[in-house]
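What follows is a set of notes on a single structure, which appears directly below.
FYI, it's all coordinate maths here, none of it is from the lab. Keep in mind that this is a model prediction, so the values were computed, not measured. Please note: Cβ atoms are built from the backbone with ideal geometry, for glycine as well, and neighbour counts cover all protein chains shown.
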Amino acid sequence: MPEKITYEELLRRMHDPAIPEADLRPYLMAAPEGNPLDPVVVPNPETVVVSEVEMDAASAIRIGNGLARWRRQRQFNLRRLAGEALPVLVSEGDSWFQFPFLITDVVDHLGGAYLIWSLDAAGDTARNMVDLRPEYLDGLRRFPDEVRAFLFSAAGNDVIGEDENGNSSLLGILRPFRQGAGAGELIDRDKLRVVLANLADAYTKLISTIRAEAGMARLPIIIHGYDYPFPHPFLEGGALDPRRPRWAARDEWLGSALAARGIADQTLRREVLTILIDALYATLAAIAGDSDRTMVFVVDCRGALPRVADWADEIHGTDEGFSRVADRFHSVLKRALELSV
């Protein structure tokens, strides 16, 4: 365990973008009142000398997406001023792109190879990013002559996470268990079609809006799906499920929804989720079309997180798991940037 530091020193380090979030992690813990898809952190009293007043203040200011975004954007500006000659990207996404302080996410892993202007926020949905609080155009317009690609991460909350009201997205798609029913029979196809159609509308609107911007007719747009998740509890090779997230219940998104519908067998559970993830990829593929022509590229993350231990919780990778997801992004970005020249 690291030596204790003062709360003042913790704040100083958190406001120093040169200090990686992973180095701050021993001094932080998930706040009990935080939203599992929008986690906030407070000082860890085991490693930070913190008074009750300071702890109350830390809880009140909700350290999370806001400070994490400021750190990224400050680091972006400092690196540009230092003359780093790396491709400039703009990113807008959910918790796979921004999981503040507690996980080294996809954008964190990509940051060494690119200058990324991050507009990401854990808990975001496609509807919020495209219709309710769109920020992506401001980001793209900030660097019109420099931006080389736009990264967009959505769909997870819409299909297997939560909606804006905190309701389980998965629960609404599942049918109650019936003895002898196959995985496909436990999915309400009409409701799934509505979810995917709404997603397609949001993605199509985002793409057409970007394409209408001067000079962005062939800007690479990178979208992605997810790997097949493991609902909790999942026994792998006889071993107990190792996941114990500090920011969410162990069955927060998937296991609880499946249990509520009476779907208990772990193989059947994964088969249901596999159908949903594959349906999402089919939708994304239709949106992207011929990538060489549309310049919309889908990063296929299936198989990147093949073990339960690759997941920090039911829907987010571990640091190492997200590193492998980022490798998939690197491959797609390499091709996209070559085509855009």
Put +1 on the Cβ of every Lys and Arg and -1 on every Asp and Glu Cβ in segment 286-337; which of F322, P306, L333 then has its Cα farthest towards the positive end of the dipole? L333
Based on alpha-carbon centroids, what's the gap between segment 57-105 and segment 178-212 in Å, whole number please? 30
Work out which helices of the chain, taken as complete DSSP H runs, extend at least 27 Å along their axis over the Cα atoms and score a mean Kyte-Doolittle of -1.0 or more, then list them. 189-211, 266-288, 319-340
Helix-only estimate, please: 222 nm mean residue ellipticity of the chain, summing -39500 (n - 2.57) across DSSP H runs of length 4 or more and dividing by its residues, to the nearest 500. -12000 deg cm²/dmol
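Rounding to the nearest 20 debye, state how big the charge dipole of segment 65-340 is about its Cα centre with +1 on each Lys and Arg Cβ and -1 on each Asp and Glu Cβ. Before the final figure, lay out the partial values.
Numbers: 33 positive and 39 negative charges, 67 e Å.
So the magnitude is around 320 debye.
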When the Debye formula is applied to the Cα atoms of the chain, each taken as the same point scatterer, what base-10 log of I(q)/I(0) results at q = 0.11, 0.15 Å⁻¹? -0.74, -1.31
Explain nothing, just the number: dipole magnitude of segment 5-61 about its Cα centre with +1 on each Lys and Arg Cβ and -1 on each Asp and Glu Cβ, in debye rounded to the nearest 20. 140
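From the Cα trace of segment 22-143, what convex hull volume per residue do you get, rounded to a whole Å³?
Convex hull of Cα atoms, per residue: 118 Å³.
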If only Cα atoms are counted, what is the Rg of segment 5-61, and what is its Dmax, in Å? 11.0, 29
With both partners inside the chain, how many of the DSSP beta bridges are antiparallel, as a percent to the nearest 5? 35
